[in-house]
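Here the structure comes first, spelled out in structure tokens, and everything after it is commentary.
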Amino acid sequence: MPFFQFTAKEVDKYPQPFTALLFSLSSHHPYHVEQFFEEKYPEEKPILRAIRYTDFALQQFFETAKKMDWYDNTLFIITADHIGKRAIKKYGTAAGMYQIPLFFYKPNSDLKGKNSRIIQQTDILPTVLDYLNFDQPFVSFGASAFDTLADRNAYMYSGGFYQIMNDSLLLSFDQKNTIGVYNYKKDVFLKDDLNDKKQPVNILLENKIKAVVQAHHRAMINNQLVVPDN
């Protein structure tokens, strides 16, 4: 909590408009929190107490921030890195371990509602620029969350395997072949492999993951991750 309060007060010194980032490890191993909070919830599992503490720190941050003159003009984005130690079993799967919250909050605005479609972290930049009506070129591997026509997928890489998820399927790719396809909505623990190479949707997902990997590698090699000066 003290660091959240420090951040709010430091940001208050910035000339407007500004962009600021607060990266918190409060809910990360070894899950230590302030002594008064440990004493307040002595029987709670350390990871759950740490998450509760993070929520408390955020609440106190907003209590401080809303008294400052930049608050009403600020778009707040709250998200996570990945799932840590699991208290719920389903979040230990290849799909569940990447299911994180993402909130966009603008005080006194019409930015309300819930979007249950696939969103990934690379969608944050185009979403913000879309919300700001930014009309200049930019480079991104994501798509605005406000774009209802965008092809919504999420891409992950872990342990030598690439993964692509759409609104119901997860495909795992070993850089040469598809090694598994699962309906993570119906098959939460990924027991029923639907890897049929003749299925059009499986072919489409594999081609998409290949295309994204190729495009990303080419952009990295040729330094094309920024808009050219000309």
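The values are calculated or read from the model by the stated rules, or taken from the named source; none is laboratory data. The model shown is predicted, which means the values in this text are computed figures rather than measured ones. In this analysis, Cβ positions are derived from the backbone assuming ideal geometry, glycine residues included, and neighbour counts consider all displayed protein chains. Just the protein is used for accessible areas: all its heavy atoms, side chains included, with ligands, DNA and RNA removed. Shrake-Rupley method; radii C 1.70, N 1.55, O 1.52, S 1.80 Å.
List of remarks:
- Test: residue in region 101-108 that is more than 23 Å from Phe61 (Cβ to Cβ) and free of Cβ contacts under 8 Å to residues at least 60 places away in the same chain: no
- Residues within region 103-137 that are closer than 29 Å to Phe173 by Cα, open to solvent by 90 Å² or more (accessible area, probe 1.4 Å) and either among the hydrophobic types (A, V, I, L, M, F, W, C) or in contact with a Gly (Cβ under 9 Å, 6 or more places away or on another chain) (or both), tallied: 1
- Matching entry among Ile88, Ile100 (being open to solvent by less than 60 Å² (accessible area, probe 1.4 Å) and aliphatic (A, V, I, L, M)): Ile100
- Filtering Ser172, Ser140 for residues that are under 21 Å from Ala80 (Cβ atoms) and open to solvent by less than 80 Å² (accessible area, probe 1.4 Å) leaves a single hit, Ser140.
- Test set (1) under 27 Å from Lys210 (Cα atoms); (2) not in a helix (DSSP H, G or I) - Ser109 fails condition number: (1)
- Pairs are defined by a Cβ separation below 6 Å, a sequence spacing of at least 6 or placement on different chains, a first member in region 147-162 that is in a strand (DSSP E or B), and a second member that is of a type in the set (Asp, Glu) and modelled with pLDDT of 90 or more; the pairs so defined are Phe161/Asp174.
- Within region 143-154, the set of residues being surrounded by 11 or more Cβ atoms within 10 Å (Cβ to Cβ) and not aromatic (Phe, Trp, Tyr) comprises Ala143, Ser144, Ala145, Asp147, Ala150, Arg152, Asn153, Ala154.
- Positions within region 114-161 being within 24 Å of Thr93 (Cα to Cα) and of a type in the set (Phe, Trp, Tyr), in sequence order: Tyr155, Tyr157, Phe161
- Candidates Gln120, Gln163, filtered to the one that is at pLDDT 90 or above, under 25 Å from Asn202 (Cα atoms) and out of contact with any Ser or Thr (no Cβ under 8 Å at 6 or more places or on another chain): Gln120
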